[in-house]
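Please treat every number below as a calculation from the coordinates, not as lab data. Here the structure is a predicted model, which means the values were calculated and not measured. Neighbour counts run over all protein chains shown; Cβ positions are idealised from the backbone, glycine included.
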């Protein structure tokens, strides 16, 4: 006996339903977008450190009548000898300031050489009266490297008069050594501006260190002239300090 069509249809529907319940499970995976990396910070540029100067024990070298000293930062150059007579001192430094002073064996300062200037020249007169021959030390204070030369003027190559020396306001100027006869010489000076204070001129005997002429250049004039009496024929050398306010000056010595 065949089942009724309605029964067959019901069986088919039930079978299809149960097939859907027990079929293969399908998993749903959520897609996550890749993370965007954070931007990397650019490092700030590093400043190149400036080279530093290390203190160096001053080195002293003496050849004949010339003493050369070199050092860095602060230091003391000890025990070099100065004879009677005139020396020309020149110095230079790489730093922003340079203090140089001369001391005797007891440590007493006998001359401030540089007045804080990093370069320059001046005369040192060992006259046997206020400044004696003997052993001395150079004391230096700086923020860089420096060098100093202390030497006797080149007497055999002394110039004939006239000689001229020049320099800026409040600066020192040193002439070449010159030969002069006994008698009067003229010291003339001109400035680019009118000085408001005095400058000075010194003339020394190269061999003895003695000065026979020390005279101010008076303020208020852009030019002037004075006379000096040379005590004996010989070789001399002059030093001048240009007066404040002069801007620039020239000094001529003639006979």
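Could you tell me the relative contact order of region 117-255? Use alpha-carbon pairs under 8 Å, at least six residues apart, and round to a whole percent.
Once normalised by length, the contact order is 33 percent.
Extension gain residue 192-residue 215, at 0.36 nm per residue separation less the Cα-Cα distance, in nm? Could you put the intermediate results ahead of the total?
Working: separation 23, 0.36 × 23 = 8.28 nm, distance 2.03 nm.
Going from the current span to full extension adds 6.3 nm.
Put a dot 7 Å past each Cα toward the Cβ at residue 119 and residue 208; how far apart are the dots in nm?
3.7 nm
On alpha carbon coordinates alone, what is the Rg over Rh value for region 196-255, Rh being the Kirkwood radius? Can you show the working numbers first?
Working: Rg = 12.4 Å, Rh = 12.5 Å.
Looking at region 196-255, the ratio lands at 0.99.
First check a/c for region 59-151, with a ≥ b ≥ c the square roots of the eigenvalues of its C-alpha gyration tensor; if it is under 1.5, answer rounded, and if not, answer prolate when a/b is larger than b/c or oblate otherwise. List each step's numbers first, then the result.
Numbers: a/c = 1.63, a/b = 1.59, b/c = 1.03.
Judged from the Cα gyration tensor, region 59-151 comes out prolate (a/c at least 1.5, a/b above b/c).
What relative contact order, as a whole-number percentage, does region 59-151 give when Cα pairs under 8 Å and 6 or more residues apart are counted?
Values: 237 pairs, mean separation 41.8, N = 93.
For region 59-151, the relative contact order is 45 percent.
With label points built 7 Å along Cα→Cβ from the Cα atoms of residue 247 and residue 229, find their separation and express it in nm.
Result for the modelled spin labels: 3.8 nm.
Beta carbons within 10 angstrom, averaged per residue: use that to sort the peptides 165-171, 242-248, highest first.
On the way: 165-171: 17.3, 242-248: 19.0.
In decreasing order of mean packing, 165-171, 242-248 become 242-248, 165-171.
Which part of region 63-91 falls in the paramagnetic zone of residue 135, meaning amide N under 16 Å from the point 7 Å along Cα-to-beta-carbon?
Zone members listed by number: 76-83.
Residues in region 123-166 near a label at residue 101, defined as backbone nitrogen under 11 Å from the 7 Å Cα→Cβ point?
What the label zone holds, given the 11 Å backbone N cut-off, is 139-141.
So what's region 117-169 giving for Rg/Rh, alpha carbon basis, Kirkwood Rh from the mean inverse pair distance?
Numbers: Rg = 15.1 Å, Rh = 15.0 Å.
Here the Rg-to-Rh quotient is 1.01.
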